[in-house]
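What follows is calculated from the coordinates using simple rules that are stated; it is not laboratory data. Computed from a predicted structure; not experimentally measured. For neighbour counting, all protein chains shown are included, and Cβ atoms are generated from backbone atoms with ideal geometry for every residue, glycine included.
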Amino acid sequence: MSEMSVMGIMNAIVPITRFNKGEANRIFDEVESSGTKIVMKNNRPTCILMAPEKYETLMEMLSDYILQEEAERRMASADSEKTMSHLEVMESFGITEMDLDRTEVEIE
């Protein structure tokens, strides 16, 4: 649902009876073209249909947000006297910048 207007929301609403009438393929085509549909049952939203790519993007955003909140919480409660700089950590483990440059890291 790219448009958060009354008309955008109205166009996104799909009554469950359309599924009961065998219009699922047409509804899925609409989801592919418009992005989101709100399925109504007994005049109440019962589920949201969206493209898998959109769902994946939203779940990644949610995960990133949760991780950011956790990082901020930890930073707020961190004791600066018990922390070490990255250089101190590297030195304590005997790691050099050259070691890091030679290491390949894959992040998903």
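Given the options Asn42, Leu62, Ile13, identify the residue whose Cα lies farthest towards the positive end of the charge dipole of the range 4-105 (+1 on Cβ of Lys, Arg; -1 on Cβ of Asp, Glu).
Asn42
Treating only the Cβ atoms of Lys and Arg (+1) and Asp and Glu (-1) as charged, compute the dipole magnitude of the chain about its Cα centre; round to the nearest 20 debye.
1380 debye
Show that you can apply the helix-only estimate: for the chain, add -39,500 (n - 2.57) for every DSSP H stretch of four or more residues, divide by all residues, and state [θ] at 222 nm to the nearest 500.
-17500 deg cm²/dmol
Run the numbers for Arg18 and Glu88: contour at 0.36 nm per residue of separation, minus the present Cα-Cα distance, in nm. Write down the numbers at each step before the final one.
Details: separation 70, 0.36 × 70 = 25.20 nm, distance 6.40 nm.
Going from the current span to full extension adds 18.8 nm.
Subtracting the Cα-Cα distance from 0.36 nm times the residue separation, let me have the gained length for Thr96 to Met40 in nm, one decimal.
Separation in residues times 0.36 nm, less the Cα-Cα distance, equals 14.2 nm.
Using semi-axes √(5λ) of the Cα gyration tensor in Å as the read-out, say which of (i) 50, 18, 11; (ii) 31, 15, 12; (iii) 19, 14, 14 was calculated from these coordinates.
Checked against the structure: label (i).
Could you work out how far helix 52-77 tilts from the main Cα principal axis of the chain, as a 0 to 90 degree angle to the nearest 10?
So the inclination is approximately 40 degrees.
Which residues' amide hydrogens lie under 5 Å from the amide hydrogen of Thr36, considering only partners 5 or more residues apart or on another chain, with H built in the peptide plane?
So Thr36 has HN proximity to no qualifying residue.
What are the ³J(HN,Hα) values, in whole Hz, obtained from phi via the Karplus relation 6.51 cos²θ - 1.76 cosθ + 1.60 with θ = phi - 60°, for each residue of the range 87-92 in sequence order, with x given for Gly and Pro?
3J(HN,Hα) across the range 87-92, in whole Hz: 5, 5, 5, 4, 4, 5.
Quick check: net charge around Glu97, other residues with Cβ under 15 Å of its Cβ, Lys/Arg +1 and Asp/Glu -1?
On the way: positive: Arg102; negative: Glu88, Glu91, Asp99, Asp101.
Around Glu97, the surrounding residues sum to -3.
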